[in-house]
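Remarks on the structure that follows.
The values are calculated or read from the model by the stated rules, or taken from the named source; none is laboratory data. Everything numeric here is computed off the predicted structure, so don't read it as measured data. Cβ atoms come from the backbone with ideal geometry, glycine included; neighbour counts cover every protein chain shown. Heavy atoms of the whole protein, side chains included, go into the accessibility calculation; ligands, DNA and RNA do not. Shrake-Rupley method; radii C 1.70, N 1.55, O 1.52, S 1.80 Å.
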Amino acid sequence: MGTIKASWYNVSTRQTFMSRHAKAVPSALDASLDAALRPSEWNDYVGQRQVKANVRITLDAAKKRGSMPEHFLFYGPPGVGKTTLAHLIATQLEAPLKTTSGVAVERAGDLAAILTNLEPNTVLFIDEIHQLPSKVEELLYPALESGTLDLILGKGPSARTVELSLPPFTLVGATTRVAQLSAPLRSRFGGGVYQLDFYDEGDIRDIIRRSARLLKLKAPEEVVTRVAVRSRATPRVANMLLKRVRDFSEVHDKKLSAELCDEACALFGIDTLGLTKDDRRYLEMLDKSFRGGPAGIRALAAALHEDPDTVEYVYEPYLLRLGFIERSSRGRILTTKGRAYLHGESGLF
């Protein structure tokens, strides 16, 4: 096989997604508000302090050398700031940001088109990178390691390898399922592989206060507290809930207050821990149909008429954080704390 060297540059795309917790497709106004609420400066990014400190060291070192930093991978539950970090990295580097998602890159040719059309010194953000097909993932290896793209043109004896030189770029990958990434791909994120976790209540309150200012809302501290405790320790949910409470206030022509917030959340079906009717349905199913467990994930998902991945990655992370369920080798188990919640012994909702 012959080898041909070439180089190609330019183009751009963008994709957004909303967590299942919102239970609705966002309007264009909501999308613009989400963008407005996203921090554009490092000092506005609340929480994830250790991750932020490590990333900034890598970025500052790269800027001093006059080069692009190595690639980053962020993983954690939805809505905890992975996309925001990608935007901040591009801002810090004063670099263009190109965004796509793993599910959108179906074929090797799709990835080749994206990579070969990058402007020099671009930050490429791939959301849900674990959804890249294995053939596409393999194409990334030389791109991340040596800045080249190896394509095979033709078939049989006439096939030849085309080696394309890529412009300098930094890949930022984000995933909610890091275990589904192959070890070879994970090892190529030389800038670091970082876990983003749920937020503590103090950080969530700071985020709500900032969002209220940007939305020009006069939110009393008791409203900030009510929204914070229902936010599932997740900034995206906190902002979504703040906007819904604002809508409720405007429709009923009432001032924001603790009582109004409670009334709105009762209408939304969100209790004082941020659990929805779907979360309660999960707990009730585990309690009544499986006698508290252990229950296998597939059996539980079938009983709920849900996909096993939805149960594992949407319902369970926050229930695990609350200590309402446990995962064991035999299946899911309802804890004493979870049973007390279900039977109203903790005075919740």
* Subset of segment 59-101 that is of a type in the set (Phe, Trp, Tyr) and open to solvent by less than 40 Å² (accessible area, probe 1.4 Å) - its residue that is farthest from Val123 (Cα to Cα) -> Phe74
* Name every residue in segment 172-200 that is assigned to a strand (DSSP E or B) and either β-branched (Val, Ile, Thr) or touching a Gly at 6+ places or on another chain (Cβ under 9 Å) (or both), in order of residue number. => Val172, Gly173, Ala174, Thr175, Val193, Tyr194, Gln195
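Among the residues that make up segment 319-328, is at least one of them among the β-branched types (Val, Ile, Thr), buried (at least 17 other Cβ atoms within 10 Å of the Cβ) and within 19 Å of Pro77 (Cα to Cα)?
The first filter runs over segment 319-328 and keeps only residues among the β-branched types (Val, Ile, Thr), leaving 325.
With the extra rule that they be buried (at least 17 other Cβ atoms within 10 Å of the Cβ), the set shrinks to 325.
Subset that is within 19 Å of Pro77 (Cα to Cα): 325.
So far as segment 319-328 goes, yes, one or more of its residues are among the β-branched types (Val, Ile, Thr), buried (at least 17 other Cβ atoms within 10 Å of the Cβ) and within 19 Å of Pro77 (Cα to Cα).
Tell me, please, whether a residue that is part of a loop (DSSP other than H, G, I, E, B), under 30 Å from Gly47 (Cα atoms), open to solvent by 30 Å² or more (accessible area, probe 1.4 Å) and not aliphatic (A, V, I, L, M) can be found in segment 302-310. Quick ask: steps written out before the conclusion?
We begin by selecting, within segment 302-310, every residue part of a loop (DSSP other than H, G, I, E, B); these are 305-307.
From the residues that got through so far, the ones that are under 30 Å from Gly47 (Cα atoms) too are none.
No, there is no match, as no residue in segment 302-310 is part of a loop (DSSP other than H, G, I, E, B), under 30 Å from Gly47 (Cα atoms), open to solvent by 30 Å² or more (accessible area, probe 1.4 Å) and not aliphatic (A, V, I, L, M).
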* Please work out if Phe169 is touching a residue at least 24 places away in the same chain (Cβ under 8 Å) and either in contact with a Cys (Cβ under 6 Å, 6 or more places away or on another chain) or open to solvent by 30 Å² or more (accessible area, probe 1.4 Å) (or both). => no
* Looking at segment 210-257, which of its residues are assigned to a helix (DSSP H, G or I), acidic (Asp, Glu) and free of Cβ contacts under 8 Å to residues at least 12 places away in the same chain? -> Glu221, Asp247, Glu250
* Structure fact -> So, first residue free of Cβ contacts under 8 Å to residues at least 24 places away in the same chain in segment 98-126, second residue of a type outside the set (Val, Ile, Thr), Cβ within less than 9 Å, six or more apart or across chains; the pairs are Gly109/Leu151
* Examine segment 36-58 for a residue that is part of a helix (DSSP H, G or I), touching a residue at least 12 places away in the same chain (Cβ under 8 Å), under 23 Å from Gly102 (Cα atoms) and open to solvent by 40 Å² or more (accessible area, probe 1.4 Å), and state whether such a residue exists. => no
* To do: Output the residues belonging to segment 199-227 that are under 15 Å from Glu259 (Cα atoms) and open to solvent by less than 60 Å² (accessible area, probe 1.4 Å).
  => Ala219, Pro220, Val223, Val224, Thr225, Val227
* Just need a number here: residues in segment 259-301 that are open to solvent by less than 10 Å² (accessible area, probe 1.4 Å) and assigned to a helix (DSSP H, G or I). => 10
